[in-house]
Structures are given as C-alpha cells and as structure tokens.
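Contents: one structure, followed by commentary.
Derivation of every value follows stated rules applied to the coordinates shown; laboratory data play no part. Keep in mind that this is a model prediction, so the values were computed, not measured. A quick note on method: Cβ atoms are made from the backbone with ideal geometry, for glycine too, and the neighbour counts reach across all protein chains shown.
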Amino acid sequence: MFSKLIGNIFPTTKFYFKWPISFSTFMIFVIMILIIMFDSLKIVEGCSSRKVLEDTITERPGSKPTEQPKPAVEQPQCKPYTGDSINPVAGLTTNEWRTRYKMAMLLGGSADAIGYYRGRWEFQLKGQIIHDEVKAKGGIKSLNVSKPNWTLSDDTIMHLATGEAITEYIKTSANDLEKLYITIAKHYIKCMLDMVDRAPGTTTMKTVAMLDANDPKGYIIPFDDRGGGCGGAMRSMCIGLLYPDPKQLDLLIAVSIESGRMTHNHPTGFLGSLTSALFTHYAIQGKPVHMWGAGLMETLDKAWQYVNKVGRDVEKNKGAWSYFRDSWSRYLKIRCLEGGTQPLFPSPYGVRERDKFYKEISFDGWGGASGHDAPMIAYDAFVGAGNSWEELANRAFFHGGDSDSTAIIAATWFAISYGHKDVPVNNYQYLEYRDRLETVGEEIFNYVEKYFNEPKM
Ligand SMILES: *[C@@H]1O[C@H](CO)[C@@H](O)[C@H](O)[C@H]1NC(C)=O
Ligand SMILES: *[C@@H]1O[C@H](CO)[C@@H](O)[C@H](O)[C@H]1NC(C)=O
Ligand SMILES: [Mg+2]
C-alpha cells in the first residue's frame, strides 16, 4: 500500500523508481504515525473524535434489511411563503462575481478553521461550551484566524484538492470526464500528505489508499457499507462553482457523485457530495433558499437514473438509497421547506435546542458527521441566519456536532449569496493557504465567466 501511494503521488516522475523503497516507505510511515499520534492524543484528552465514532459504527443505514424506519413526523401547520423575494445575486457585475467565487473558497476555509479550532471545537460535544469560549475571546469579530492558533482542517485541504484538480483539468483537457475523475483521485492521494494535525476521517484515509492514479479506472473503489460519513459532502462545493448553469445539472450530478464515491461509496455519503455542490449551484442562480430542498428531492431522482445508467453497485445502492431520501424528506417536512411555504423554526431555537435537534437528525448522535446531515445542518443554519455572518457562525460553526464540516459548507453558500462585506477581515485575511484558495476560485470563475455575461437571471 505504501509504495503504491508513493507511485500514485509521483506517477509521471522517474524518480520514484530510483528511490530506495526503504526511504519512501519510511517517509509515509512517519506521516502516518504522526497522524495517528495526533488522533490518539485527542482520545486521551477525553474528546470524541471522528475515529472513535466511526469505529463504533459497524454498518451504515440502509444496508440492514431489518432496520426500522423512523416514525412518520406530524405535519406542522405550514403558512404560505411571506418572505421578500429579493434575489441577493441579481445585478452583480463580472468583477463582483469574480470576488464572490474567490470568497466562496476563502470563507469556506475560514469557517472550517474556526469550527475546527485545532480540534478543540470540532470535538467539543457541548455547543454551550464553544459559545462561552467564543464570547470570552470577544466574539467572532475578534478571532484573528491565522497560524499557529488557527489551522485549516481536512475539510479545506480536501476541498482544495477537488478545486485544484478542477483547475488542472480545465487548463488541459476539457470534455473528458474520466480524465477529470482520475485528476481528482490524484489530488486526493497527494493531499493526504498534508493531514498532520488536521484530523482527517478514517474512512477517507482508508479509501484514498485504494485509489490508483496510474490506472484510468483507478478512481473506482468497492461499495462500502460504512461509507456514509460526511467526507464527500465537505469537499464538493467547488463543483457547483464549475457548473453554475441550470443546463449543466447532469454534469454536476455526475462529477459530484463520482468524486464523492471515490472515498464514500455509499449513497448516504455521495449524495451528501451532490447536495453541497447542488446548493452552491442554486446559490449562484439566486434560487430562493426556501426552494432548495424541493430542488434536491427532484434531483435525487436524476441522481438515481445516473447511478443506474453507470451500472456500478446498482443493487447495493438501491438497497441503501432510502436513508438519505427519507431523512431529507422528514427534515423538509418538519421545517415547512417542502416548497412554497414559510420556513418554520421552533421558538426558542437557541444553542441547546439546536444541539438537540442536530443530534436528532444525525445518524448516530453526532450531528453533521454523515453525508445526509452535514449539508442539512448547514442548510438549516443558512436559512435561519439570512445575511448575518455572526448568526451563521452561531448556528453552523459553533455546535456540539461535526462543526467544521457544517461550517465550510454553509460559509461557501454564504459567500456566494451575500459576499464578504459584513465578514470581519481578520476572520480570513491571514488564513493559511489564502492564496491557493483564492486562486482556485478565480481560475474556476475565469473558465465559466462567459455564463455570467449572458443575459438571463
Ligand atoms: C493577526 O495574526 C497575524 C498573523 O499571525 C499577525 O501578523 C497580526 O498582528 C495579528 N493581529 C492581531 C490584531 O493580533
Ligand atoms: C494566539 O493565541 C494567544 C492566546 O489566546 C494570543 O495571545 C496570541 O496573540 C494569538 N496569536 C495570534 C497570532 O493571533
Ligand atoms: Mg475537519
């Protein structure tokens, strides 16, 4: 496995073959040990970690024929939509759009670093403790998000990997999706070398080791009953940046599913990837936020047609498909978000109530750790927060669940919809990898710019 990993990272160099095997094996070994050390430190400190939680899961939902469906929810009284219908992205100039694209990547990274806080907040199971600590620091506006106090976590590293694969692809080939997939696989393999102190998920570490960038079909891994985690959902938003046009929906479905199932080959995992990309695509179109869920439900039918057409793991996917759809359908019903009605939040809906709700909609008690609930909590926060960055942070970054993943997803949509005008500058100006993040946003924008110059919207 180790030499294969190295071979994948340097597929075109002759070097690798000249290296003594002991050297390359040694390097990878050191990195793996460091990652494991950091993970076990967290366990010793008594924090939960994704590793511990994933190890307790033997099977993902949908794979067990005996699994009981959750009881039907009572339909609340939903009122007709009364919000204003102002489209927050109407009339933006080309330059403003370019800035939104850059900020989508950058604010996503900033939110990840804040939600993660070097593991301290990601693995804090009580939202109230995080809120108290934020307050003691002077609120989100006082957070100077820079190294060494604040570092990016696996979510941004993998989002960058997806984004840099896309920018490499659009510069060379154009219309060969297989080429894009193998380029994405190559970047996922490479980015695993930059995971020390970033708390990568165990599913991702295990499955990336199966990818082979030298084989044209090396992006395909076996179906995984445990592949329902949020690792696909946290890194696919930039696929929505690449495909802003409603006419590109089929491409968005294909690329988000294939990139998702490179590591999370279970519908709960890869449909999360589809959702994060799709809602980015909706944000760019200025589609009213309360209609996004209904759009997702329609898109799931197309997603099934795609999976069926490609023909990989069709029976297993069919057996495991319903958990994601049913979970979203229940959520949309509870929130009056099935389409055309006014979103309904409980009152009060503070830190404690949100923690409880996020836990309820989760797979195993850790809100945001799965493919279905990472974008769901991000969406719940995004709908509830409107154009307030601070409120978005309260709901999506500072909670007792997998907070860095819900943070990066929600903040990316926020940056597209509302820009960075009201975001404290020190939340992002010194962010690690700021240049790389902005470059990905800008290069993808330059590639799709034509779409924004056509009259429409
Ligand atoms: C914020 O962090 C940067 C980079 O570490 C540093 O140069 C700057 O002085 C800090 N600003 C404040 C107000 O602490
Ligand atoms: C890092 O955090 C410490 C303790 O809160 C603070 O004193 C220091 O100024 C911070 N560093 C930066 C660069 O912001
Ligand atoms: Mg993370």
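Working from Cα pairs under 8 Å separated by at least six residues, relative contact order for the stretch 47-453 is 30 percent. Evaluated on the stretch 133-182, the Kirkwood hydrodynamic radius is 13.8 Å, with distances taken between all distinct Cα atoms. Remark: Cys238, Cys336, Cys78 ranked as Cys78, Cys336, Cys238, counting other beta-carbon atoms within 10 Å and listing the fewest first.
Residues in the stretch 394-404 carry Karplus couplings, in order, of 4, 8, 9, 9, 10, 9, x, x, 7, 6, 6 Hz; the curve used is 6.51 cos²θ - 1.76 cosθ + 1.60 with θ = phi - 60°, and Gly or Pro positions show x. Relative protection proxy for 104-116, 155-167, 424-436, 184-196, from highest mean packing down: 104-116, 155-167, 184-196, 424-436 (other beta-carbon atoms within 10 angstrom). Most tightly packed first, judged by the mean number of other beta-carbon atoms within 10 Å of their residues, the peptides 339-351, 292-304 read 292-304, 339-351. Cβ crowding within 10 Å ranks Leu241, Leu249, Leu211, Leu271 as Leu249, Leu211, Leu241, Leu271, fewest other Cβ atoms first.
Each principal axis of the stretch 351-437 carries a Cα extent, and these read 37, 25, 19 Å when sorted largest first.
Radius of gyration over Kirkwood radius for the stretch 162-227, both on Cα atoms: the Rg/Rh ratio is 1.00. Computed from backbone phi, the HN-Hα couplings of the stretch 140-145 come to 4, 5, 8, 7, 8, 7 Hz, rounded to whole numbers (Karplus: 6.51 cos²θ - 1.76 cosθ + 1.60, θ = phi - 60°; Gly and Pro given as x). Taking amide H as placed 1.01 Å from N in the peptide plane, Gly229 has its amide H under 5 Å from the amide H of Gly371, each at least 5 places away in sequence or on another chain.
For the stretch 430-435, backbone phi angles converted through the Karplus equation (6.51, -1.76, 1.60; θ = phi - 60°) give residue-by-residue couplings of 9, 4, 3, 6, 4, 4 Hz, Gly and Pro being listed as x. Treating each Cα of the stretch 47-453 as one equal point scatterer and applying the Debye formula with no solvent, the log10 of I(q)/I(0) at q = 0.14 Å⁻¹ comes out as -1.25. Would you mind checking the pairs Lys247/Lys450; Lys137/Lys359; Lys79/Lys333; Lys186/Lys206; Lys126/Lys359 and listing those with alpha carbons more than 19 angstrom apart? Pairs exceeding the cut-off: Lys137/Lys359. For the stretch 98-151, trypsin sites (Lys or Arg not before Pro) meeting the loop criterion (DSSP other than H, G, I, E, B) and having at most 14 other Cβ atoms within 10 Å: Arg120, Lys126, Lys137.
Note on Tyr451 and Lys217: with the Förster distance fixed at 30 Å, the Cβ-Cβ geometry gives a FRET efficiency of about 0.45.
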